[in-house]
Structures are given as C-alpha cells and as structure tokens.
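These notes are about the structure you will find just below.
Please treat every number below as a calculation from the coordinates, not as lab data. If you're wondering where the values come from, they're calculated on a predicted model, not measured in any experiment. Don't worry about glycine lacking a Cβ; one is built from the backbone with ideal geometry, like all the others, and counts go over all protein chains shown.
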Amino acid sequence: MQAMHRWWSIGLACCLLAGCASRVTQENFDKIKTGMTREQVIAILGEPTTSYQGIASWQERSSTKMITITFAEGKVMERTATGFQ
C-alpha cells in the first residue's frame with residue numbers, strides 16, 4: 001500500500017511540474033510580432049514577471065533567460081531576448 005501511495009505521489013508531482021513549464025522559450029519569443037496587443041502577448045507568455053511604464057519582462061525562474069517587450073499604445077513596438085543560444 002505504501003509503495004502504491006509513493007508512486008501515485010511521484011506521478012502527481014510530475015504532472016504538476018509539467019504544468020508549470022516555463023513559457024520563456026525561443027519558440028514563444030519567435031511568435032511575438034510587432035503590432036501585437038498586450039493581450040495577445042500574455043496569451044503566449046502568460047503574465048509578465050515585471051511591468052513598468054510600457055515595458056514588460058518575462059524571466060524564467062532560476063535561469064538567465066528573459067524576454068522583454070516594449071509596448072506603445074498597447075501594441076508591441078520592440079522585443080528582445082537574452083539568455084538563449
């Protein structure tokens with residue numbers, strides 16, 4: 001019974017971790033295009049890690065990977081990515 005409980009717990013932990021996978025990826029960065037709305041970007045990357053005066057950043061936890069988007073009038077004006085190879 002303990003063995004079954006242990007395997008169930010491990011399986012649940014794996015599912016939860018998979019659901020928390022970072023959206024800060026090169027593939028998602030490539031999806032962001034000039035002129036997209038803030039809502040469209042959030043649909044791809046999720047809520048930003050930081051946001052201040054038209055600039056929003058998404059940073060992967062425990063990593064140097066970061067995507068920074070500059071918005072003008074609610075639309076993507078500029079985008080940069082750091083930490084990707």
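For the pair Thr64 and Arg23, label points projected 7 Å from Cα toward Cβ lie 2.5 nm apart.
Distance between the modelled labels on Phe84 and Glu39, one decimal in nanometres: 2.5 nm (7 Å Cα→Cβ projection).
Near Val76, once Lys and Arg are set to +1 and Asp and Glu to -1 for all other residues with Cβ below 9 Å from its Cβ, the sum equals +3.
Paramagnetic label reach from Asp30 (point 7 Å along Cα→Cβ; backbone nitrogen cut-off under 15 Å): within segment 43-85, residues 81, 84-85.
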